[in-house]
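No value in this document is a laboratory result; all are computed from the given coordinates. Owing to the predicted nature of the structure, the values given are computational and were not obtained by experimental measurement. Positions of Cβ are backbone-derived with ideal geometry, glycine not excepted, and every protein chain shown enters the neighbour counts.
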Amino acid sequence: MTNATLMNVNRDMIRGLYWKETRQLLPLVLILVAVGVFLMVIWGISQDGRAPMADYARSLPLVLPALFAAGAGALLVGQEKEQRTLWWLVSMPVVPKQLIGIKFAVGLIGLAVMWGICWILFWIVQYIDGGPSRSLIPYLTFPTVADYVFLHLHSVFLLSCGFYTAWRLKSTFASLLAILPLACIPFVLQSLGYGFRSKWVGQRMIDPQSANAVSIGATSLAILIITWMAYRAAQWALSPREPILVETFPKTSTRVTSSPQAKTNAARTPYRFVFSSLVWQSVYHNRITLLAIVLLMIAGAVSGVFAIVAWSNPSRIQPFLGLVAFAGFVGVSWLGVFSFTGDGSAARMRFLSDRGVSPTVAWLGRHSIGAWIVSLILLFYTALSYSVVNRWQQDVGPLPSTAMITLLTFVIYGVSQWISQLTRLLAVSAVLAPVVSIAAAYWLVYCAILYDAPLWLMLLCGSFPYFASWLQMRRFMDEIRGPLIWTIIVVAFVLFVWLPMVPMQIEIARFPRMSAERRATLLAQANAVGRVYGYSDPIVLHPFPGDSFQSDFSQKETDRLRIFEQRSFLPSDVLMIPEVLPGHDGAASIDQHTLYKMLALATYAKLEFDSSEKSPEAIEQIGDWFRVLTTIVERLRNSERLQDQDFADRVEIWLSDAIKSDAIKSLPERDFVNDAKRLLSDRSGRYEARRRAVLNSWAKPMSAVDGLGGYSISFWAEDMPPVKRAAVYKHFVDAVADATLRMLEAGEAGVSTEPMRRELHELLIGKNVQFEDGPYSDRIRNHPINQQNYPASQWYAAWEVE
């Protein structure tokens, strides 16, 4: 061959190597992007997608390049080592330096593609949100360009770490585990730099530009070092080796061979103890990797407990402990991956299948070590948490229970072992399993909180991956791919996602609905009583000396009380009542704090009047309170808010109790007393105001916060899961409005209102509180100190009937 021909052959070979490495890396890119987009869509369309779940969805693209960087080396190098295709490449006329450079170049190109996809996904999310209002980095509100540069550099560092461990170690799983400590090197270098600086310069604050320069510089230095180490490890791995000598025995060897009869008996049942053989294989084939996974899980359990201990006294080490605790769940996921692909068992299952080994026995054998390890670590976590709680009772935060950790571990391990059975490639399984399994565990916890999914249903959903992997065990052992496997995948996935929502959907479907005829009738009535001027002016309090919300709490209690008693208690000095504008019906509104503070001040003024000598000045002062409160009731009755009607009832109850007092009865006829009596006796006006407010509040609900005439639906039925509350919001408002309207009709007809009050109790309070102990019972609502804020709780009570 001529030199030109050799150069063309070499050029074609290099192009072929680039094509091969790209095809080898392509599944990792496609799987990560598909899983990332799917999780972003699921989290983005969730019920609380505008809050924390949306933040996770926005931050998810940030994880994709890091996962790719960690798995690229294992896929391009570690997998070829295990499949022995690397030695075939070495036998080709390719310089090792070229082979090393091609693999690293393809990894860098793939990482650049992943970052491009990451930014495209981020921009799509920003466009859907209506603009760049959120940060890609969850822990930084306003990240700078230097922060994003650091993230890109750190992903390159992870890529170099992955290649170094893949070239240096024989086991692919061990190379992936070794990336975890190496990934912390830039942060360690940065912390050491800060430590030396504080020792030499002092504890002065470092400016952000210098901090970013240190971070970028430390990461760049770490990239150069680890890349050089990866290159050296690759050269050593591709260097010639001494041939392995096969042990031979001389003809005069004293070894005794087994008898033909023993060979015959052994051949009949070569795997008499398959289960124990599988257990032995799991433990002894890759002991270092298994030990590393166990140590990672133990470190996660210990760090999780002590991170909660430091809850009340946060320190610099607490975020690190939380990160290690999260890594413990990653260890659980890798233990699940280890069950089918961690020790090369995927290639050995066909050997067992050819010899008639039962798939069930093989499945149990592959999971026995994992179940044993998880059980021991859960027992260790339980003992450690109990000992820590008993020792540091005051400093322990909300420590997760053993049952919760067991459920999370059960789900994470189950999903991971199923993924390892489906993908078969160890590098892809080890990268993909932690993301998918932790997302699955998060989904079940999410359903338990927002959908009120029962524990038995979560356990059932968590067992689907185990059942699916057991069903696929025969085909996995025979290395058969077909439509049945994809059918099992789709069915198990749909059941896992859909079943936790079924009980809540059934409850939502059973929630009472208002009929179309009833709705049309009420809408017509609401239009008939609608107001032209729909705004209610607020009544507010003037700040005054001695008020507990306005005082200087450095003063003594006696000084505040003295200041409080020396001031004037005239209503004009306490309240600011808006004037009635021309063309306005005088409607006013009041908030709960202002109402009860106003009634407390009026009560204080009445107590002073009761203990006084009933001078004309004292009578005039208490008369001012009666006149102001009577005016407030009249203006609240003009409001279209249901809450203002209930607040007007509170004021009328105060007036009713005040008129019955001996001090007021002893006075001769007074206009302010007569006006209050006239107001209290106006039963038809009270009925019309309540009915108009209910209809207007129901026909024009503003939001879930102001769900029904000023009442917050989130305050009602606190035991109702948020998803159900959001789904039945309109039906909930319909039911409350319908019950209050029927209560009005029953009260005016002289019929008992207890059935409607029980209906409101079940809607607003729930079944955890007995009706006799709730605000709608006669015993509670007639109590003089009852201040529970529930709609229609005081309607047709004793004060109104009398």
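Observations on the structure shown:
- FRET efficiency, 1/(1 + (r/R0)^6) with R0 41 Å, evaluated for VAL769 and ASP671 via beta carbons: 0.40
- Remark on LEU575: its backbone amide H falls under 5 Å from those of HIS542, a criterion applied only to residues 5 or more positions apart or on other chains, H modelled at 1.01 Å from N.
- Proximity of backbone amide H atoms, modeled 1.01 Å from N, is registered between TYR711 and GLN643 at under 5 Å, excluding neighbours fewer than 5 places apart on the same chain.
- Neighbourhood net charge (15 Å Cβ-Cβ; Lys/Arg +1, Asp/Glu -1) for MET92: +3
- Across segment 18-31, coupling constants 3J(HN,Hα) worked out from phi with the 6.51/-1.76/1.60 Karplus curve, θ = phi - 60°, read 4, 5, 5, 5, 5, 5, 6, 8, 4, x, 5, 5, 5, 5 Hz, and Gly and Pro carry x.
- Here the simple spin-label model places points 7 Å from the Cα toward Cβ, and for ALA34 and HIS593 these points are separated by 5.5 nm.
- Chain lengthening between GLU479 and LYS730 when straightened (0.36 nm per residue, less Cα-Cα): 85.0 nm
- Phi to ³J(HN,Hα) by Karplus 6.51 cos²θ - 1.76 cosθ + 1.60 over segment 405-418, Hz, x for Gly, Pro: 5, 5, 5, 4, 5, 4, 6, 4, 5, x, 5, 5, 5, 5
- Once the C-beta distance of ALA383 and PHE320 is scaled by a Förster radius of 22 Å, the resulting FRET efficiency is 0.40 to the nearest 0.05.
- Among 477-490, 746-759, 366-379, 168-181, the peptide with the highest mean count of other Cβ atoms within 10 Å heads the list, and the full ranking is 168-181, 366-379, 746-759, 477-490.
- Full-extension gain in nm, ALA146 to GLN235, via 0.36 nm per residue minus C-alpha separation: 28.6 nm
- Taking θ as phi - 60° and the Karplus parameters 6.51, -1.76 and 1.60, the scalar couplings of segment 633-645 work out to 4, 4, 6, 5, 5, 7, 6, 8, 8, 4, 5, 5, 5 Hz in sequence order, x denoting glycine and proline.
- The listed peptides 465-474, 723-732, 658-667, ordered by packing as a protection proxy, come out as 465-474, 723-732, 658-667 (highest mean of other Cβ atoms within 10 Å first).
- For the residue pairs LYS597/LYS767; LYS597/LYS724; LYS700/LYS767; LYS81/LYS103, alpha carbon separations beyond 25 Å are given by LYS597/LYS767; LYS597/LYS724; LYS700/LYS767.
- For the peptides 86-94, 216-224, the ranking by mean Cβ contacts within 10 Å, running from highest to lowest, is 216-224, 86-94.
- Amide H contacts under 5 Å for SER589: ASP537, ILE539, restricted to partners 5 or more places along the chain or on a different chain, H placed in the peptide plane at 1.01 Å from N.
- Charge tally in the Cβ shell below 14 Å around ALA468, where Lys, Arg are +1 and Asp, Glu are -1, ALA468 excluded: +2
- Note on ASN527 and MET92: the extension gain reaches 147.8 nm, defined as 0.36 nm multiplied by sequence separation minus the Cα-Cα distance.
- Here r is the Cβ-Cβ distance between LYS660 and VAL540 and R0 is 41 Å; the resulting FRET efficiency, rounded to 0.05, is 0.85.
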